[in-house]
Amino acid sequence: MIPPVPQKVLVMDDAEQALLARCRANDLLAFEEVVHRYKNKVHNYIARMVNDADDAEDLTQDVFVKAFISLGSFRGEASLQTWLYRIATNLCIDRARRRKRQRWDTMSLDEPVRDDEDDEIGRDVPDVEADPYRHLERKELRQQVRRALGRLSEKLRAVIVLYDVQGLSYEEIAQVLGCPLGTVKSRLFNARAELAKHLKPYLYGEGAEPHA
Amino acid sequence: MRKCQSVEWRLSAYLDGQLQPTDRAAVEAHLRECPKCAAMLRAMRVGVEALRSMRTTEVSDAFWQRLRERLPQEKPTGWQRWVTALRWGWTERQQAACRRLAAAAIGVVILIGSWTGVKNYQGRVAAEQYAEQCAERHSLYLVHQPFGDATALSGGLSE
Ligand SMILES: [Zn+2]
């Protein structure tokens, strides 16, 4: 069984409230602190959503510019992290819409996924160093997973990335997406089921599903 | 088949260990006898493990500098921008402002210097002229009133 993902806090603590208050008082140093705290989390999320390093950096910039501009209208009903993830999700969905308008066909679904992680080594695979073939397998597997992620709809991808990559709880994801808890759970199941379906041919060979 | 559907629905929660004991037992019993669902679970687990083992990405080193240039300028107060500049380097605008400020400061120094110089010169000239006048008048009084007169002397000087 996969160990449960660590659950994250939902509400603002006092330190975050104070930081937000300073941001609202036009304290640029406070805003810089917010950026410093969340830039890599936001970037990591977006990188898995768009699968393009340059776009991820630009979109992460956009998230913080948007956050800076809308600080006044953010009432602190969610944590800063939740709020930033919400902005990031909306920007990713906007980007996907723009792209779909730009190219009518579904080209983006079938084009090869750019692999910017050639040297990536799995964090929790102890036998990787000992067996180079397994390393290769792992690398190929991650490519397959990224490809499969790219085939999911933005809505499904957001849920599975927020849960399995970013480690958010169902509750926080519900806040990020502004949808009921049940929707988060069913989208997570659908996303994982689609992911599994895409991986099956790779794992078992084309059309070679095991039979009893 | 119907059984498969209801089990598939629970696989995600099963993977996270979030099923009630009775549900979990039912799913496990089905998985033992249904290779299709077992394969689905395995693929799902492999995928989720791959997602969780993905390398975390990071923004570039210049991220904050770039971002700062893009933020609307009115928002932070003036001194906060300068404090940030001291920590992170100047923006184009601040560099230009610095150059203007330095030029203005040099101008002011030159102006003050030359002004005091002129004043000093003017003062020196006036004092010399005054001293000459005094000497002249004094010699005149001495000529016309050789025995001296306090009132005449003071009145004569302030004439
Ligand atoms: Zn089954």
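Can you name the number of the only condition in (1) at pLDDT below 80; (2) of a type outside the set (S, T, Y); (3) more than 30 Å from the chain's Cα centre (by Cα) that B:L111 fails?
Condition not satisfied by B:L111: (1).
Among the residues of segment A:78-86, is there at least one that is surrounded by 15 or more Cβ atoms within 10 Å (Cβ to Cβ), under 14 Å from the mean Cα position of the chain (by Cα) and within 14 Å of chain B (Cβ to nearest Cβ)?
The answer is yes, given that some residue of segment A:78-86 is surrounded by 15 or more Cβ atoms within 10 Å (Cβ to Cβ), under 14 Å from the mean Cα position of the chain (by Cα) and within 14 Å of chain B (Cβ to nearest Cβ).
Output the number of the condition that A:E172 fails; it satisfies all remaining conditions of (1) crowded, with 20+ Cβ neighbours inside 10 Å; (2) within 12 Å of the chain's Cα centre (by Cα); (3) among the acidic types (D, E).
(2) is the only condition that A:E172 fails.
So, B:T84, is that one at the interface with another protein chain (Cβ under 8 Å from one of its Cβ atoms), surrounded by 10 or more Cβ atoms within 10 Å (Cβ to Cβ) and either modelled with pLDDT of 75 or more or part of a loop (DSSP other than H, G, I, E, B) (or both) or not?
Here the answer is no, as B:T84 does not meet what is asked.
Kindly establish whether A:D94 is assigned to a helix (DSSP H, G or I) and either within 14 Å of chain B (Cβ to nearest Cβ) or modelled with pLDDT under 95 (or both).
So A:D94 fits the description; yes.
Could we say that B:S12 is out of contact with any Phe, Trp or Tyr (no Cβ under 6 Å at 6 or more places or on another chain) and facing chain A (nearest Cβ under 7 Å) here?
Judged against the criteria, B:S12 is not a match.
Which ranges mark the helices (runs of 4 or more DSSP H) fully within segment B:1-70 that have 2 or more residues being within 15 Å of the ligand (Cβ to nearest atom) and in contact (Cβ under 8 Å) with a residue 40 or more places away in the chain?
The helices (runs of 4 or more DSSP H) meeting that bar number zero.
The values are calculated or read from the model by the stated rules, or taken from the named source; none is laboratory data. Predicted model only: the values in this text are computed from it and were never measured. We place every Cβ from the backbone using ideal geometry, glycine too, and count neighbours over all the protein chains shown.
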